[in-house]
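The values are calculated or read from the model by the stated rules, or taken from the named source; none is laboratory data. Keep in mind it's a predicted model, so treat the numbers as computed, not measured. Note: ideal-geometry Cβ built from the backbone for every residue, glycine included; neighbour counts use all protein chains shown.
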């Protein structure tokens with residue numbers, strides 16, 4: 001696994017495709033925290049929501065980067081399809097950790113520089129811990145959603161881009177759409193539970209764990225289904 005992770009990281013870093021989402025997220029953080037003070041819950045929730053879209057792009061571009069010939073050669077060498085595909089997704093999870101730390105460390109450092117005046121109340125350990133978990137959960141969902149639209153799963157790449165965009169937008173807007181057109185509630189479960197998670201923090205001054213329990217569970221299950229489903233589909237799809 002270690003050698004596969006090193007291989008995937010080298011391949012990804014050489015492509016420079018990770019630079020753009022990193023810069024976009026950094027620019028967002030710079031702009032979002034430009035005027036203070038902020039509510040801790042709402043600012044962390046918004047940052048995590050943006051990270052979902054960033055990581056969806058990272059997952060999609062990473063799948064695009066894979067060379068079929070090279071992949072076949074590595075698979076022959078490893079002789080374990082599941083390990084190979086799992087290592088690819090693990091790389092995305094590690095990138096998600098880095099991006100989540102960026103989303104959390106930036107406001108923490110800025111808050112320290114501004115003598116704890118960045119937020120409307122004092123920052124607590126629970127805020128930091130739950131804030132990181134929230135960012136990483138969104139990064140996990142985004143990465144699994146984006147990587148699911150793999151070239152071997154959806155061969156028409158224009159269609160794949162449109163579908164990913166549609167799924168991502170529906171994930172964050174399905175609640176508002178359901179209020180406007182109730183019948184959509186019956187198919188809303190197909191889309192990532194981004195709205196469900198963010199809605200649990202609406203109007204909250206503190207992170208309330210009981211309110212998070214159901215949407216977080218749904219998010220973890222959804223992400224794992226995408227992960228396992230992707231691996232199974234790639235093992236079935238022929239080159």
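Some notes on this structure:
Each row is one residue, and each column tells you yes or no for (1) modelled with pLDDT under 80; (2) over 12 Å from the mean Cα position of the chain (by Cα).
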site	(1), (2)
17	yes, yes
24	no, yes
40	no, yes
55	no, no
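- Selection status of residue 93, in a helix (DSSP H, G or I), surrounded by 14 or more Cβ atoms within 10 Å (Cβ to Cβ), out of contact with any strand residue (DSSP E or B) (no Cβ under 7 Å at 6 or more places or on another chain) and on the phi < 0 side of the Ramachandran plot: yes
- Taking segment 66-80 as the range and being assigned to a helix (DSSP H, G or I) and loosely packed, with under 13 Cβ neighbours inside 10 Å as the test, the residues that pass are 68, 69, 70, 72, 73, 76, 77.
Quick grid of which residues meet (1) in contact (Cβ under 8 Å) with a residue 12 or more places away in the chain; (2) under 27 Å from residue 237 (Cβ atoms); (3) part of a helix (DSSP H, G or I):
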residue	(1), (2), (3)
23	no, no, yes
42	yes, no, yes
83	yes, yes, yes
87	yes, yes, yes
107	yes, no, yes
115	no, no, no
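- Test: residue 34 is surrounded by fewer than 21 Cβ atoms within 10 Å (Cβ to Cβ) and either in contact with a helix residue (DSSP H, G or I) (Cβ under 7 Å, 6 or more places away or on another chain) or assigned to a helix (DSSP H, G or I) (or both): no
- When 226, 234 are checked against the criterion of being within 18 Å of residue 143 (Cα to Cα) and at pLDDT 90 or above, 226 stands alone in meeting it.
- Residue in segment 139-155 that is under 20 Å from residue 45 (Cα atoms) and without any contact (Cβ under 8 Å) to a residue 60 or more places away in the chain present: no
- Checked across segment 40-55, the condition of being surrounded by 17 or more Cβ atoms within 10 Å (Cβ to Cβ), at negative phi and touching a strand residue (DSSP E or B) at 6+ places or on another chain (Cβ under 7 Å) holds for at least one residue.
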